[in-house]
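Novice: For reference, the structure I am asking about is given below.
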Amino acid sequence: MNILINNLLLAFYILIGLFFLAATVESWRDKTNPARWGTGLFWLLLAILFAAGQWIPNEINGGILLIIALLSLLKQVRVGKIKELDEKIANQTVKRIGNWIFLPSILLAILALVIAQFTKLGGQVGIGIAAIISLIVAMVLTKSSPKTVYEDTQRMVRSVGSAGVLPQLLATLGVVFTASGVGKITAKAISGLFPVGNHLLGVCLYCIAMAVFTAIMGNAFAAFAVITAGIGIPFVVAQGGSPVVVASLGMTAGYCGTLMTPMAANFNTLPVALMEMQDPLGVIKQQFPIAISMLVVHIVLMYFLAF
């Protein structure tokens, strides 16, 4: 089973790499983009990492990442000119299929959940299989040709740009922070400033730290291990807090930070790019008040439910 799972994951990564390789070609073909060579190189290096990274020495993979970061830093990664969506055809399609337009998205979520929960394939493989099935359903519903799928895929991939690599980098950063003992250092620093034993203070520290650290890293999963080890366990669980309640609410408290940071590219940067919003912080500004209010709710719930 493990061999099957690994092979399926490898196939999905290679498929993603091929999408990025197509973005490379399209970027180099776009003569209106003044940074087309840098943009194409960015997508080419990303395609290599996804499709062949496991066969490449880690030192070379690290060097490729540094080049990718350097291209972004020097603003050599630009969207360029992308073929616009034909609004007339799109409106006709929407009128024809009506609310069935939501079927692929709903099917994606349900299939991924079913595969993850009721098979041994796991969540990652589940998402990959569900995505392919949902794509086929979407093509049938909209009567789209492979050419249309290719063009729409390129529109989405290239619109995201360098923000597309951010989730992978942030996840890696979380692993590095955990391995380097940041959680222990955080615990020592905070214990010297705040007294241990005050339940309300411990809950406030944990929830706020989860939100802040998630905002910095853009990923609540990466923040969870570090902040729970450094604050959640010594300041809340060790003082009598229920581990189940503390862990559950601690994770979702981190999501409050996700709503307030541009580092959460898939939540806050991707919509800006896809909807061509003028304000790069437009999504965050709308979510900020809700995030703060939900953080307060988490603190109250953890205080009353964990003890």
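The values are calculated or read from the model by the stated rules, or taken from the named source; none is laboratory data. Source: prediction; values computed, not measured. Cβ coordinates were reconstructed from backbone atoms using ideal geometry, including for glycine residues, and neighbour counts include every protein chain displayed. In case anyone asks, the SASA skips ligands and DNA or RNA and just uses the protein heavy atoms, side chains included. Shrake-Rupley method; radii C 1.70, N 1.55, O 1.52, S 1.80 Å.
Novice: Mind pulling the angle between the C-alpha long axis of helix 58-73 and the longest principal axis of the chain? Nearest 10 degrees, somewhere in 0 to 90.
Specialist: It is inclined by approximately 80 degrees.
Novice: With the cut-off at 18 Å, tell me which of the pairs Lys95/Lys143; Lys95/Lys147; Lys81/Lys285 have Cα atoms farther apart than that.
Specialist: Lys95/Lys147; Lys81/Lys285, as the Cα separations exceed 18 Å there.
Novice: Ordering Met210, Met275 by accessible area with a probe of 1.4 Å, largest first, what comes out?
Specialist: Sorted by accessible area, descending: Met275, Met210.
Novice: Moving to a separate point now. Could you work out how much longer the chain between Gln286 and Leu4 gets when fully extended? Use 0.36 nm per residue separation minus the Cα distance between them, nm to one decimal.
Specialist: 97.2 nm
Novice: In addition: Roughly speaking, to the nearest percent, how much of the chain's 1.4 Å accessible area is carbon and sulfur?
Specialist: On the way: 12620 of 17620 Å².
Carbon plus sulfur share of accessible area: 72 percent.
Novice: If you don't mind, there's one more thing I want to ask. Please give the length that would be gained between Thr148 and Val114 if that part of the chain were fully extended, namely 0.36 nm times their separation in residues minus their C-alpha to C-alpha distance (nm, one decimal).
Specialist: Gain in length upon complete extension: 9.3 nm.
Novice: Along the charge dipole of the chain, Cβ charges K/R +1 and D/E -1, which of Gly128, Ile233, Asn2 sits furthest on the positive end?
Specialist: Gly128
Novice: So, one more: Calculate the all-directions average of the projected area of segment 2-73's alpha-carbon convex hull, and give it in nm².
Specialist: About 5.0 nm², averaged over all directions.
Novice: Further question on the same structure: Out of Trp37, Trp100, Trp28, any idea which swings most in a Gaussian network model of the chain, alpha carbons joined below 10 Å?
Specialist: Of Trp37, Trp100, Trp28, the Gaussian network model singles out Trp100 as fluctuating most.
Novice: Then there's this: Can you tell me the 0 to 90 degree angle between the C-alpha axis of helix 282-306 and the longest principal axis of the chain, rounded to 10?
Specialist: Once rounded, one gets 40 degrees.
Novice: May I ask you to list the GluC sites (Glu not before Pro) in segment 1-109 that are in a DSSP loop and have at most 10 other Cβ atoms within 10 Å of their Cβ?
Specialist: Sparse-neighbourhood loop GluC sites (Glu not before Pro): Glu84.
Novice: Right, something else. Enter the per residue convex hull volume of segment 181-306, computed from alpha-carbon coordinates, in Å³ rounded to the nearest integer.
Specialist: Looking at segment 181-306, the number lands at 93 Å³ per residue.
Novice: Can you figure out the FRET efficiency of Lys95 with Gln54, using R₀ = 51 Å and their beta-carbon distance, to the nearest 0.05?
Specialist: Given R0 = 51 Å and the Cβ-Cβ separation, E is 0.65.
Novice: Mean-square fluctuation check for the chain, GNM, Cα pairs under 10 Å: which of Gly53, Gly62, Gly40 is largest?
Specialist: Gly62
Novice: Please determine, in degrees from 0 to 90 and to the nearest 10, the orientation of helix 87-97 with respect to the longest principal axis defined by the Cα atoms of the chain, where the helix direction is its Cα long axis.
Specialist: Orientation of helix 87-97: about 70 degrees from the principal axis.
Novice: For segment 87-144, what D do you get in µm² per second when you plug the Kirkwood radius from alpha-carbon pairs into Stokes-Einstein at 37 °C and 0.692 mPa s?
Specialist: After rounding, the answer is 271 µm²/s.
Novice: Sticking with this structure for a sec: Per residue, how much space in cubic angstrom lies within the convex hull of the C-alpha atoms of the chain? Show your work: numbers first, answer last.
Specialist: Working: hull volume 52.8 nm³, N = 307.
Convex hull of Cα atoms, per residue: 172 Å³.
Novice: While we're looking at this one, here's another question. For every helix of n ≥ 4 consecutive DSSP H residues, a contribution of -39,500 (n - 2.57) applies; sum these over the chain, divide by its total residues, and give [θ] at 222 nm rounded to the nearest 500 deg cm²/dmol.
Specialist: The per-residue figure over the chain is -24000 deg cm²/dmol.
Novice: Residue-wise, which Karplus ³J(HN,Hα) couplings in Hz belong to segment 205-220, taking 6.51 cos²θ - 1.76 cosθ + 1.60, θ = phi - 60°, and x for glycine or proline?
Specialist: Result, ordered by residue: 4, 5, 5, 5, 5, 4, 5, 5, 5, 5, 4, 6, 8, x, 8, 5 Hz.
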